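Read the figures in this text as sums done on the coordinates, not as results from a lab. Since the model is a prediction, treat every value here as computed from it, not as a measurement. All Cβ positions, glycine included, derive from the backbone under ideal geometry; neighbour counts span all protein chains shown.
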């Protein structure tokens, strides 16, 4: 799945948490919170999008006459989801670094797709003798038939 699909979920979830929190059942709010957390964690751009939407929604709700206490509670829930996503990204990077000895914030989906489809492989063949990308060049000789093999292979 592409990050833009989850960006839409981020917009919907922030909107639901900030605007409709008082009209939602507890289970729905938990589900929306979880979906927001997962959607934000799928792409770094979603962290920025969700943060901007959260901050922008506060004065809008205040202008609509929503009580400050209610706005603060809704914003805290959304902020907690964003923070949880950022923490999970950090944890992924720490685990990946300990396993592969390479710093990585999130799985490099686009890079894996380019290598699997061919243009990335051509780039590695041309650039690695000159050392243009030392991180990728370390893995140049490994089989990279598909993006799943590149991202999740045990080798």
For residue 66: the one exception among (1) surrounded by fewer than 15 Cβ atoms within 10 Å (Cβ to Cβ); (2) without any contact (Cβ under 8 Å) to a residue 12 or more places away in the chain: (1)
Qualifying residue in region 54-68 (condition: within 30 Å of residue 146 (Cβ to Cβ) and in a helix (DSSP H, G or I)): no
